[in-house]
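What follows is a short report on a single structure.
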Amino acid sequence: MNAPDTAVAFDAAIREAVARVEPKVVAWRRDFHANPELGNREVRTAKIVADHLRALGFDDVREKVAHTGVVGTLKGGKPGRVVALRADMDALPVAEETDVPFKSTRRTHWNGVENVGIMHACGHDAHTAILMGVAELLAGMRARIPGTVKFLFQPAEETPPIGEDGGARMMVEQGCLENPRVDAVFGLHVVANDTTGKVGYRSGPFMASADDFRVFVKGNQTHAAYPWSGIDPIVVGSQIVMGLQTIVSRSVDITQEPAIVTVGVFHGGVRHNIIPDQVKLEGTIRTFNEKHREEIHAHVKRISEMIAAAGGASANVHIHRWYDVTVNDPALTAWSLPTLERFVGAENVRVIDKVCGSEDFSFYQKEAPGFFYFIGCTPPGMDARKAPTNHSPRFYVDEACLPIGVQTLAALALDWLASEPASR
């Protein structure tokens, strides 16, 4: 699946257009960074995006998809297939600690917590600006495009507020990949653990599924001086935590795929001399295939309930399925590599390890072949292994990665549309 000469002929036009649009992309990114919005609340960001697409003469611009999402359709001057490009728009409830002049100082209410800081601590400001740049680039050469490009500006990738739906799953449910039907989808993510100019990818399972669990352990409250007169849910909860650690180490075949079960919350008690009535555990489950995922869910429930029963307590287990495994279509991945290598150099495109973080890009990949890749955003003079990671209050994006994002996404779309359908 190699791009034909007609696709390569787009390269000069892409490079020329990127040079023109780069200052705008930088300005958009800085504006979004200074004015971040949380999931399902990206009202200002969405308006800027929608106004931009309309100004470019897009054939169709849909707003309020999955609450605040924007879907734009650009029909090329020649008939052909349909490709989609995706960017996420939401920020995180993180108080920024960088010293950039466009630092976010915004604060808001989030999930019951007052006065929470807001920051683009995962680079979605860069993703949105990059895709706006791609939109301008492709709109300027639409007469030469053999097919249609759909632009998916998605809210709530970092999950919506408690009690709300949102994100990629809701975008798909509301028809973002239909009318016209999308044949392939591409997306990228800036990452701090690689240097600007580097591109990382993996064929097949790439990023883990993500599920969370809560375990409510019910005991019998009593005076801490007389523990025999009650049932201590703290002791039982502690035993459950230790029991859950045996799931991956003793019950999952990790020669097939890695997996993770982590307890991140243990709440219980209000006073040093009172054994409480109940404790709550919360954690996350990460897997790379559905078989392991289902097995681990069953193990979490069984271990929690049986350990609680053995201690005279009870356990109520709640597991919420969030994101599926992000799986890069092997054929589309192999096809994409020559395009990436033309723009960043073969020596800068490499296979990376599986990522235990998750992405709701996976929901698009369940509907059409998809390819998701990483671009480094740590300046070459810094050690990327020591750089503040994505989701850190000190996360930093080297803006030299922005034109790389615009070039590669635009080239992937054009190359794919110019390639023969039979090659898939």
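The values are calculated or read from the model by the stated rules, or taken from the named source; none is laboratory data. Computed from a predicted structure; not experimentally measured. Please note: Cβ atoms are built from the backbone with ideal geometry, for glycine as well, and neighbour counts cover all protein chains shown. With ligands, DNA and RNA removed, areas are computed over all heavy atoms of the protein, side chains included. Shrake-Rupley method; radii C 1.70, N 1.55, O 1.52, S 1.80 Å.
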**Asked** On the given criteria, is Ala192 under 15 Å from the mean Cα position of the chain (by Cα) and either buried (at least 21 other Cβ atoms within 10 Å of the Cβ) or within 23 Å of Glu399 (Cβ to Cβ) (or both)?
**Response** yes
**Prompt:** Considering only residues of the stretch 247-267 that are closer than 21 Å to Ser314 by Cβ and open to solvent by 50 Å² or more (accessible area, probe 1.4 Å), which is farthest from the chain's Cα centre (by Cα)?
**Reply:** His267
**Message:** Being crowded, with 21+ Cβ neighbours inside 10 Å and under 15 Å from Phe371 (Cα atoms) narrows it down to one residue among Phe206, Phe213; which is it?
**Reply:** Phe206
**Complete:** Gly123 meets each of (1) over 16 Å from Asn390 (Cβ atoms); (2) buried (at least 19 other Cβ atoms within 10 Å of the Cβ); (3) within 17 Å of the chain's Cα centre (by Cα); (4) not β-branched (Val, Ile, Thr) with one exception, condition (1)
**Request:** Scan the stretch 169-187 for residues that are more than 16 Å from the chain's Cα centre (by Cα) and open to solvent by less than 10 Å² (accessible area, probe 1.4 Å) and jot them down.
**Result:** Cys176, Leu177, Val182, Ala184
**Asked** If you go through the stretch 192-214 one residue at a time, do you hit one that is of a type in the set (A, V, I, L, M, F, W, C), touching a helix residue (DSSP H, G or I) at 6+ places or on another chain (Cβ under 6 Å) and farther than 30 Å from Leu409 by Cα?
**Response** yes
**Complete:** Note: among Pro276, Pro227, just one is out of contact with any His (no Cβ under 6 Å at 6 or more places or on another chain), crowded, with 16+ Cβ neighbours inside 10 Å and over 30 Å from Asp329 (Cα atoms), namely Pro276
**Prompt:** Scanning for something among the basic types (Lys, Arg) and within 21 Å of the chain's Cα centre (by Cα), does the stretch 79-86 turn up at least one residue?
**Reply:** yes
**Request:** Inspect the stretch 147-168 for any residue being open to solvent by 10 Å² or more (accessible area, probe 1.4 Å) and more than 29 Å from Val261 (Cα to Cα) and give the result as yes or no.
**Result:** yes
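Please work out if Ala17 is at pLDDT 95 or above, more than 27 Å from the chain's Cα centre (by Cα) and under 16 Å from Leu402 (Cβ atoms). Lay out the reasoning, then the answer.
On the way: at pLDDT 95 or above: yes; more than 27 Å from the chain's Cα centre (by Cα): yes; under 16 Å from Leu402 (Cβ atoms): yes.
Here the answer is yes, as Ala17 does meet what is asked.
Here is a yes/no grid of residues against (1) touching a helix residue (DSSP H, G or I) at 6+ places or on another chain (Cβ under 9 Å); (2) not charged (D, E, K, R):
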{"site": "Arg250", "(1), (2)": "no, no"}
{"site": "Gly264", "(1), (2)": "no, yes"}
{"site": "Ile274", "(1), (2)": "no, yes"}
{"site": "Leu281", "(1), (2)": "yes, yes"}
**Complete:** Filtering the stretch 371-400 down to residues that are more than 13 Å from His127 (Cβ to Cβ) and of a type in the set (A, V, I, L, M) yields Met382, Ala384, Ala387, Ala400
**Prompt:** In the stretch 299-320, is there at least one residue being under 30 Å from His120 (Cα atoms) and touching a residue at least 24 places away in the same chain (Cβ under 8 Å)?
**Reply:** yes
**Asked** Within the stretch 211-230, how many residues turn out to be touching an Asp or Glu at 6+ places or on another chain (Cβ under 9 Å) and part of a strand (DSSP E or B)?
**Response** 7
**Fill in**
Filtering the stretch 235-245 down to residues that are open to solvent by 60 Å² or more (accessible area, probe 1.4 Å) and in a helix (DSSP H, G or I) yields Val235, Gln239, Met242
**Prompt:** Restricting attention to the stretch 133-144, does a residue exist that is surrounded by fewer than 24 Cβ atoms within 10 Å (Cβ to Cβ) and touching a His at 6+ places or on another chain (Cβ under 9 Å)?
**Reply:** yes
